[in-house]
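Comments concern the structure below.
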Amino acid sequence: QVSLVESGGGLVQAGDSVHLSCAVSGRLLASGLWTVAWFRQAPGTERVFVAGSSAGRTKYMDSVKGRFTVSMIKNTLYLQMNSLKPEDTAVYYCAMNGEWGTIGTRARDYGSWGQGNQVTVSS
């Protein structure tokens, strides 16, 4: 069993930065064999992969490369988002699974999810 509790987000202007956090707890974390990721979902669209980390590696969607950074420190997953654009507006979700070394990019690859936090970027 895994618990993911998000914090952060809000309303910002284009060019600003936002720091999202996701506190992780449960047996899967203790095992050390996991993959963590961030997804986002804009109104009327499907949930899409943003960034992920596993076995010391990271993966990003093309549109956020160089602007977003994913990290896992102890029991907290972070997403640092810089140079935000209006098209980054969405509900952001953290996610976790029991895979090791393979960073899935589909929502169905993950069985545990945070509650979601809104990030709104105004132009």
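The values are calculated or read from the model by the stated rules, or taken from the named source; none is laboratory data. Only a predicted model underlies this, so the values are computations on that prediction, with no experimental measurement involved. Quick reminder, even Gly has a Cβ in these numbers, built from the backbone with ideal geometry, and neighbours come from all protein chains shown. All accessible areas refer to the heavy atoms of the entire protein, side chains included, with ligands and DNA or RNA removed. Shrake-Rupley method; radii C 1.70, N 1.55, O 1.52, S 1.80 Å.
General remarks:
- Residues W38, W100, ordered by accessible area of protein heavy atoms at a 1.4 angstrom probe radius and largest first, appear as W100, W38.
- Heavy-atom accessible surface of the stretch 1-118: percent carbon and sulfur, 1.4 Å: 49 percent
- Two-site label geometry, Q118 and E99: point separation in nm, points 7 Å out along Cα→Cβ: 3.1 nm
- Net charge over other residues, Cβ less than 15 angstrom from the Cβ of S63 (K, R count +1; D, E count -1): +2
- Isotropically averaged projected area of the stretch 16-65, using the convex hull of Cα atoms (one quarter of hull area), nm²: 5.0 nm²
- Cross-link partners of K59 among aspartates and glutamates (Cα-Cα below 14 Å; sequence separation of 8 or more within a chain): none
- Counting only protein heavy atoms and a 1.4 Å probe, the chain has 51 square angstrom of accessible area per residue.
- Only aspartates and glutamates eight or more places from K85 in sequence, or on another chain, were considered; those with a Cα closer than 15 Å are D16, D62.
- Volume of the Cα convex hull of the chain, divided per residue and given in Å³: 90 Å³
- Projected area, mean over directions - the stretch 49-112, Cα convex hull, nm²: 4.6 nm²
- Secondary structure note: in the chain, about 90% of the DSSP beta bridges are antiparallel.
- From its DSSP helices (H runs of at least four residues, each -39,500 (n - 2.57)), the chain gives a residue-normalised ellipticity at 222 nm of -1000 deg cm²/dmol.
- Coil-residue GluC sites (Glu not before Pro) of the stretch 1-107, DSSP, other Cβ within 10 Å capped at 12: E46
- In the chain, the sites counted are trypsin sites (Lys or Arg not before Pro) in DSSP loop states with at most 16 other Cβ atoms within 10 Å, and the longest stretch holding none of them, exclusive of the sites, is 1-64.
- Scanning residues 5 or more positions from V50 or on other chains, those with amide H under 5 Å from its amide H are W38, F39, R40, with H placed 1.01 Å from N in the peptide plane.
- Under 17 Å from a label point set 7 Å out along the Cα-to-Cβ vector of T58, the amide N atoms of the stretch 24-41 belong to 35-40.
- Here the Karplus relation 6.51 cos²θ - 1.76 cosθ + 1.60, evaluated at θ = phi - 60°, turns the backbone of the stretch 17-23 into coupling constants of 10, 9, 10, 9, 10, 9, 7 Hz, with x for every Gly and Pro.
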